[in-house]
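Report on the structure given below.
The values are calculated or read from the model by the stated rules, or taken from the named source; none is laboratory data. Predicted, not measured: the structure shown is a model, and the values here were computed from it. Backbone-built Cβ (ideal geometry, glycine too); neighbour counts: all protein chains shown.
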Amino acid sequence: MEQIIKQTIQKLSLPEITFADVRITHTDNEFIAFQNGYLRAYGTNLDSIALGIRVLINGCWGFAGTQDLSNHSIDKAINTAISNARYGSLFQKNKVEFPPLSPVQAEYEHHPEQDPFKMPKEEKIGYLHKLAEAIKPQGKIVHSVVYAMFMRQEKYYTNSEGTYSHSTYYNTLPMMEVLASDGAQVQSRTWPGHMGAGRAGFELFHKHKFEENTERIIREATDLLSAPTIEEDKADIIIGSGHLALQLHESVGHATEADRIFGMEISYAGKTFIKPEMIGSFQYASPQVNIFSDSTDPRGMGYHPVDDEGVVGKKVDIIKNGILVNQQTSRQIAHLLGLEPSSNMKASYGDDFPLVRMTNFCLAPGEGTLDQLIADTEHGYLLDFTKTWSIDDNRNNFQFTTEIGYRIEKGKIVGIVKEPTYYGITKEFWNSCDRVCGPEEWDYQSTFSCGKGEPGQSMQLSHGVAPARFRNIDVRVKI
Amino acid sequence: MKNLEYLKNLLDAHPELQYEIIEQYWTTDFLRFYHSQTNYNISKEVTSLNATIYKGKKSFSFMLDNANSQTIDNAVQDALSIIDKLPEDPYFVDLENDKTLAKPREVINNIEVVPLKLKTEVLARIANAVAPYNFDIFGSFVCNYQKYRLVNSNGLDKISVSSPYYLEVKAVHNKSQVTVVEAFGGEDFQYFQERNFLDKLLQKIGYCAYDIVDIEPGTYDVILAPRCLGEFTQYLAYGMSARALDQHSSFFEGKLNQKVFPEWVSVCDDPNDPEMIHKDYGSNGHIYRYLSLIDQGIFRNFMCDNYYSHKTGLPKNGNTGSCLKIEAGEKTLDELIGSIKRGLFISSLHYMNFINPKETSITGLTRDGTFLIENGKITKVVNNLRFTEKIARIFEHIQALENRSHPVPFSGNYSIFDIETVKSPHALVKDFNISSSTKTI
C-alpha cells in the first residue's frame, strides 16, 4: 500500500495541481445482532479497500474515489479528479488557497487488549448469546437486542508536500436494549447508552459491565411504564456522561465546525449561529466551562498522528473559561479566519472527501464526584441515556429526551421519571452550567455514527466528559 | 457481475445450503456548491457483493467490496467454518420465492446525459438569476448510476438498473440569511424545466422581502408544503412495517382496517407513477407493486417482507415505502392559504427524531422558509421554529389537501447516496404544536 500511495502522489506532480493528497483505507468490519435471545444477524465486511485522490486546480477541489487499486483504475481516478477540478472551477468566484506546511512522517499502531478479529467467533457469539438470553422477553419486556460492531482500519495518507502517515486502530460499539410494554405504551432502556463505543477491542464489553447491568435495564424499563413525567416548568438538571457527550456534540461540537460559518454545509447538515467576529470575545458558556478539541489523545477514537490533509494532531482550546477562543478548521478555512489549522479534517474511508470533523471533542473536568454533585442539589433531576435528540439549522435551539430521569430531593435520588425532555438555546444553556465533575468521573464517550457531508459520511469520534449541572432549565415540554 | 456467478457456483455445490447474493455497482457524480460557486466535485465508484448463507435456521453474512475469486473463496470458507456453531433464528423459514420479473425499461445513464460542464452551466444561470435579489445559491447536483442483481437458492435472478438525478438549490439572502429551497429529481432529465424551476425559486424569494418576526409557542393552523407532509409520511410509514409491528413499536398495531385518519387522507406506495423515481424490486427481490396503506382514512396494509411475513403471518408484499404518495384533495393552494386567519406556511423540516415511535411523538424544526399567514395572505418571514407533535395527530388534524400532488426528491444520505421521491400535495393542518422558537433564521 505504501508503494501504491507514493506512486500515486508522484503521478500528481503536475504544474497545474497546486496541492494534492491521496488516502487509502483498509478496513475490516464485523457485526453481531441478537434479537429476543436468538441470533438475528452475524456478518463481516473484511479487507475493504478504498482509495481517494483530491486535487486543487485553479483554486477548485476535484475528487475521485475507487475501491480498485489496479494501475488502470488509479490512473482513471487521477484523470477524473483532475477533470472534476477543472470543470468545477468554471463555477468559481473565490479560489481555495492556504499556506504550505512542513512535511511530517508518522506511524501509529493501536493494540486492543482483546483483538475482536483474532478472537474465535464462537467465543464472541457465546458471550453475546448469554447476554441476549439474560434480557430476552420476560415479564413486561417484549423486545430486546444485543448488538456488537467491531472495526479495524488501517489508513495511509500522503500529500504533495511530502507528508506521509500510516496508522492502524480498532474501534468497538457494544450495545444492549430492552423494550417494555404494558399494552398501551412502550418504554426502553439501553446500556451503556448511545455513546458507548470506544477505541478498544472486545474488552469494551467488560469495561462497561454488561453482565452486571442486564437486571438493571429490565427493572428500569419496566418501572418506567408506571413512572410519572416531570411536571414543573423549570428545574436544575445534572446530565450524566453518556448524554452530556451528545449535548456537547450537538450544541458545541457541530456549532464550532467552521465550514458551517461559510455555508459549506447549508445544503445538508446546516449552518451555525457563530460568526467570525465572535471568536475571542463571545461568552459561550459560564466560566466553569472549558472545551477543547484534542486529536493527540490515543484513548479517544478521534486520535490521529496526522489528519486527512496533512496537519499533525493537535490539542486546541475551543472555549476557555466560557469564552469562545477558536474553531475546528480545515487549512482553507483556518486561512480565511486567520487561524492555525486545528487538525480536524477527516474522511471516514479512503474514497470519502475529507470534511471538518470533531475528533476528541472534550469538556474539561472540574471538581468532585457525581455523588457529591447530587448531594449538593436540593431539587432536580439526573438525566442520562439519550432517547431522542434534535437541534436546529444554526445549532441554537436544541431539545433532548432521555430514557430515564432520576428525581433528586435534598441531595438524594428518590424516584424516577419517564421521557424527561428539556430544551434550550445554546448560549443560555451553557451559561447555566455551574459545576462540572472532576477527573475521577471524566472519561471518553464515543459514537460510530456522526453523519455529515454529501455523499454522507458516518464518522467515529469521541467526547471526554464528566457529569455536569445546569441550573433552571426549561423542562416544560409536553407531548 | 462475474463475481456473483463465481460465488453462486461455489454455493450451488453445497445442496444443504440456502443463500441470497446481491451484487451492486453504484457510481456517482456529485457536485456540491456554496455561495454560488463550486465547493467540490466528487466521482466515486462502489462495487459490493453481499451474501447471506443459511444452513437450516442458522445464517452468516458477508460483504466484499471489489471482490475477486480469492476473497470470495476466503469468505465462503470463513462462513462454512462457523455456520454449524451458530445459534438458530427460530423464525427463519425460507427465502423469498417471488420470481416475478419487473417489466424491462430503458434506463438512461444520467452521469453521461448531465455531465459536470452542463451542471455548472445550469447552476451559473440560477446563480445569476437570484443574484440581483442579493441571494446566493447553495446545494448539490447529483447524478447516480446503479446496477443491482439479486439471486437466491430458490431460483430468483433479478436485475435492476436505475440512474436518478437530484438537484437541490437553497437560495440564501446574503444579509438576513433568509433561505428558500427548490428541488427537482427524477430519472429523465428532459422533465427538468429550468425556467419553471427558476420561476418557483424566484416566487419564494419574493416572500423573503417581508419583515422577519418571531412568534410565541402555541398551536397554529399551518400549511405544510409537500416536502413537509411527505417527510411526516415517511416517518409515519415506519409504523406501517411488519418489522415495527413485530418489535412492538408500531402505532398501527391493532388498527388494521380501522379508521385512523379523516376520509380525505389516502396514502399509497406506488412505484409506477411516471413523475416519481421507479423501483423494480423491494425487500429480498420481491416485485415492487402498488400498495394501499391508508385508504380514505382507513389503515389497510402493513409493508411486509418474506421474513416478517413468516414471523407475523401478515401477507407478504415486499414494499418498503420508497414511493410514497399522498392523494391530492380539492382545494387550490391559494384557497388553503386564504382560509387561514393567522397561521404559518412551513416549507421544510429539519432534524426530526422520534421521541416514542409507537405513539408517533416527534420533535423537529422548520427550515428554509417559514412564513406568517395573516388574513389569508403571507405577510412575514418567521424565525425557524421547533415543533413537538404526534404525527398521527397531525394527520388527524388535516383539514384539507391541495388539488394537486408534487413529486419531491429526498436523498437517503447514509451509506450510498440514494435518491427517492415522495409525491404530496400541500396540506392545511389545524392546531400544529409549535413548542419553541430558535430565534434565528
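Data for the structure
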{"read-out": "Failed criterion for residue B:49 (all others in (1) within 12 Å of another protein chain (Cβ to nearest Cβ); (2) touching a residue at least 24 places away in the same chain (Cβ under 8 Å); (3) touching a Phe, Trp or Tyr at 6+ places or on another chain (Cβ under 8 Å); (4) surrounded by 21 or more Cβ atoms within 10 Å (Cβ to Cβ) hold)", "value": "(3)"}
{"read-out": "Check on residue B:104, of a type outside the set (A, V, I, L, M, F, W, C) and in a helix (DSSP H, G or I)", "value": "no"}
{"read-out": "Residue that is surrounded by the fewest Cβ atoms within 10 Å (Cβ to Cβ) [pool: residues in the range B:313-332 that are more than 22 Å from the chain's Cα centre (by Cα) and closer than 26 Å to residue B:102 by Cβ]", "value": "B:315"}
{"read-out": "Residue match in the range B:55-70 (condition: touching a residue at least 60 places away in the same chain (Cβ under 8 Å), touching a strand residue (DSSP E or B) at 6+ places or on another chain (Cβ under 6 Å) and more than 9 Å from chain A (Cβ to nearest Cβ))", "value": "yes"}
{"read-out": "All positions within the range B:301-356 that are within 14 Å of chain A (Cβ to nearest Cβ), aromatic (Phe, Trp, Tyr) and under 20 Å from residue B:249 (Cβ atoms)", "value": "B:307, B:308, B:354"}
{"read-out": "Residue A:128, sole failed condition from (1) among the aliphatic types (A, V, I, L, M); (2) within 11 Å of chain B (Cβ to nearest Cβ); (3) part of a strand (DSSP E or B)", "value": "(3)"}
{"read-out": "Helices (runs of 4 or more DSSP H) contained in the range B:204-323 and holding at least 1 residues under 24 Å from residue B:391 (Cα atoms) and touching a residue at least 40 places away in the same chain (Cβ under 8 Å)", "value": "B:226-238, B:242-246"}
{"read-out": "Members of the range A:67-102 that are under 24 Å from residue A:313 (Cα atoms) and either within 14 Å of chain B (Cβ to nearest Cβ) or more than 28 Å from the chain's Cα centre (by Cα) (or both)", "value": "A:96, A:97, A:99, A:100, A:102"}
{"read-out": "Test for residue B:232: is it touching a strand residue (DSSP E or B) at 6+ places or on another chain (Cβ under 9 Å), under 20 Å from residue B:364 (Cα atoms), at pLDDT 95 or above and within 12 Å of chain A (Cβ to nearest Cβ)", "value": "no"}
{"read-out": "Helices (runs of 4 or more DSSP H) within the range A:162-279 that include 1 or more residues within 14 Å of chain B (Cβ to nearest Cβ) and surrounded by 19 or more Cβ atoms within 10 Å (Cβ to Cβ)", "value": "A:210-224, A:241-248"}
{"read-out": "Selection from the range A:392-416 of residues that are more than 7 Å from chain B (Cβ to nearest Cβ) and within 28 Å of the chain's Cα centre (by Cα)", "value": "A:395, A:398, A:400, A:402, A:403, A:404, A:405, A:406"}
{"read-out": "Any hit, the range A:385-400, residues being assigned by TED's automatic domain parsing to the domain that holds residue A:349, over 24 Å from residue B:387 (Cβ atoms) and either surrounded by fewer than 19 Cβ atoms within 10 Å (Cβ to Cβ) or not hydrophobic (A, V, I, L, M, F, W, C) (or both)", "value": "no"}
{"read-out": "Exclusive hit being crowded, with 22+ Cβ neighbours inside 10 Å, over 16 Å from residue B:265 (Cα atoms) and in contact with a strand residue (DSSP E or B) (Cβ under 6 Å, 6 or more places away or on another chain), set B:425, B:409", "value": "B:409"}
{"read-out": "Any chance residue B:335 is surrounded by fewer than 20 Cβ atoms within 10 Å (Cβ to Cβ), among the acidic types (Asp, Glu) and either in contact with a Leu (Cβ under 6 Å, 6 or more places away or on another chain) or not assigned by TED's automatic domain parsing to the domain that holds residue B:182 (or both)", "value": "yes"}
